[in-house]
Amino acid sequence: MMQIATYCSRLQRRSSCRMISSPSLLGLSMLTAAANALSMSTSTSSATATNICNARYLGKSDLLVSESCLGTMTFGIQNNDDDAFQQLDYATSNGCNFIDTAELYPVPLSSPDYRAGATEEILGRYIAKDRVSREDLVIASKIAGYSPNSSVAAARSYPNEPISPPPDCRLDSASVKNAVDASLRRMNTDYIDLYQVHWPDRYVPAFGMTTFQHEQAQQRESDDVSILETASALKDMIDEGKIRYIGLSNESTFGVCQWINACEQLGIRDKLATIQNSYNLLDRRFDTELAEACHHYDIGLLPWSVLGGGLLSGKYNKRHIASSSLASTTNSRFVRFGDYMKRWHPNFATKTTLDATEEYSKIASDAGLTPSELAIGFVRSREFVKKNGSVIVGATTMEQLKENLAPFADDVTLDEEILARIDEVHLKCKDPCCSL
């Protein structure tokens, strides 16, 4: 019954991407909000506002974005300019107006082809070609947090040669302003809609780590750049018109609360809009204290790695490859880079991670969905995404991008039976890809 109901639902919703195109499609509150956004000179243009798939505002901001956000971290290593332009053209023509990048991108940094800022440069070349009006895009970028002897910090001299020897990446006032200016130059734009702190300057367990290490924190505390200093520098950038809103990333509940306090002191509380943390079927840590804090502070989630680096797509799973329309290639992340994102890598992930992935693949197959559709559908179902967030999806091929964007256009919705089965798997071993 679940499979039949899912198929019927998808047939009814096919090509029904909820775009803002007429008052009849809007509730009164949404109509009022859309009118307010359109009246602002710095907001999205009327052309964009009528073609945004499943539009919503980030946090309490006036940034009107699509439910999907195109992630770009493959641009520059796994994808060249032509690949990237095709992805951008396809995404924007299918109602996605939100693009996420970072000064650090592309990844992985271990690739011999790595060069900090290359992804932003590709976006800059795309913008320069005027294939889409800059005003019709909402562009998010990120400043890297603490990292010693960093090639990312060295690249802030762009378009000049990188600084030698490489300085540390920090979040002090001068570093923030240098990073913003470098990103603006690379992207051929006068402003960044959402500027995010990629990870904190202070020590915090991140990227799959779950245990707070007191010794590491104590070693760093005397040298930490305060959140107030970083926020003050970002306020200066807002005042100069270089950025519009602030976002956090890989941040903890404590950090969110400290950022709220700092922004309130500086009178820019309304400028803190989002948080970008890992969230997927294999990593649901956001469900607890962070979800509560962001609910009360009206901060929207931009979940990254919703497919667990590609593991949840099913393309690495030979036993259930029939349930996925895609197979891994020599350019796939976990084929090309043997030591990258080990917590999700099919050769290094824990048995519980791989077992859970298998079970989710089975649930998807029973429901008549691909593994990617199930994984993305689950993230779409979360209130902290539906209310004021957006789902970051990326791809290395056009076929992958089409599959990853399809759940938004088709409005693939998971019913209570599917969600209950997902929770059963989750309760067997919570967040299996995370480590101490």
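A few comments on the model shown:
- Members of the stretch 188-223 that are within 25 Å of residue 278 (Cβ to Cβ), at pLDDT 95 or above and of a type outside the set (Lys, Arg): 192, 193, 194, 195, 196, 197, 198, 199, 200, 201
- Checking the stated criteria, residue 329 turns out to be over 20 Å from the mean Cα position of the chain (by Cα) and assigned to a loop (DSSP other than H, G, I, E, B).
- Number of positions in the stretch 381-399 that are open to solvent by less than 20 Å² (accessible area, probe 1.4 Å) and assigned to a helix (DSSP H, G or I): 1
- From 424, 399, 417, residue being without any contact (Cβ under 8 Å) to a residue 40 or more places away in the chain and more than 15 Å from the chain's Cα centre (by Cα): 424
- So residue 211, is it more than 20 Å from residue 390 (Cα to Cα), assigned to a loop (DSSP other than H, G, I, E, B) and either in contact with a strand residue (DSSP E or B) (Cβ under 8 Å, 6 or more places away or on another chain) or not aromatic (Phe, Trp, Tyr) (or both): yes
- Residue 222 passes every criterion in (1) under 22 Å from residue 174 (Cβ atoms); (2) open to solvent by less than 60 Å² (accessible area, probe 1.4 Å) apart from (2).
- A single entry from 364, 375, 406, 327 fulfils the requirement of being open to solvent by 20 Å² or more (accessible area, probe 1.4 Å), modelled with pLDDT of 95 or more and among the aliphatic types (A, V, I, L, M): 406.
- Checking each residue in the stretch 34-64 for being surrounded by fewer than 23 Cβ atoms within 10 Å (Cβ to Cβ), modelled with pLDDT under 95 and either assigned to a strand (DSSP E or B) or not hydrophobic (A, V, I, L, M, F, W, C) (or both) picks out 36, 39, 41, 42, 43, 45, 46, 50, 51.
- Qualifying positions in the stretch 182-200 - open to solvent by 20 Å² or more (accessible area, probe 1.4 Å), over 24 Å from residue 389 (Cα atoms) and in contact with a Gly (Cβ under 7 Å, 6 or more places away or on another chain): 188
- Number of positions in the stretch 75-122 that are within 25 Å of residue 51 (Cα to Cα) and aliphatic (A, V, I, L, M): 5
- Meeting the requirement of 2 or more residues that are more than 23 Å from residue 404 (Cβ to Cβ) and open to solvent by 20 Å² or more (accessible area, probe 1.4 Å), the helices (runs of 4 or more DSSP H) wholly within the stretch 65-163 are 118-128.
- Any hit, the stretch 91-106, residues being touching a residue at least 40 places away in the same chain (Cβ under 8 Å) and more than 28 Å from residue 409 (Cα to Cα): yes
- Taking the criterion of being part of a helix (DSSP H, G or I), hydrophobic (A, V, I, L, M, F, W, C) and open to solvent by 50 Å² or more (accessible area, probe 1.4 Å), the only residue of the stretch 421-436 that qualifies is 427.
- Scanning the stretch 351-378 for residues that are within 15 Å of residue 423 (Cβ to Cβ) and in a loop (DSSP other than H, G, I, E, B) yields a total of 1.
- For residue 271, the conditions (1) of a type in the set (D, E, K, R); (2) open to solvent by 70 Å² or more (accessible area, probe 1.4 Å); (3) modelled with pLDDT of 95 or more all hold with the exception of (2).
- Some residue of the stretch 339-359 being at pLDDT 95 or above, in contact with a Leu (Cβ under 7 Å, 6 or more places away or on another chain), among the aromatic types (Phe, Trp, Tyr) and open to solvent by less than 10 Å² (accessible area, probe 1.4 Å): no
- Scanning the stretch 409-420 for residues being of a type outside the set (A, V, I, L, M, F, W, C) and open to solvent by less than 40 Å² (accessible area, probe 1.4 Å) gives a total of 1.
- Residue in the stretch 227-246 that is open to solvent by 40 Å² or more (accessible area, probe 1.4 Å), over 22 Å from residue 139 (Cα atoms) and either without any contact (Cβ under 8 Å) to a residue 40 or more places away in the chain or outside any strand (DSSP E or B) (or both) present: yes
The values are calculated or read from the model by the stated rules, or taken from the named source; none is laboratory data. Computed from a predicted model, the values in this text were never measured in an experiment. We place every Cβ from the backbone using ideal geometry, glycine too, and count neighbours over all the protein chains shown. Quick note on the areas: whole protein, heavy atoms, side chains included, nothing else; ligands and nucleic acids left out. Shrake-Rupley method; radii C 1.70, N 1.55, O 1.52, S 1.80 Å.
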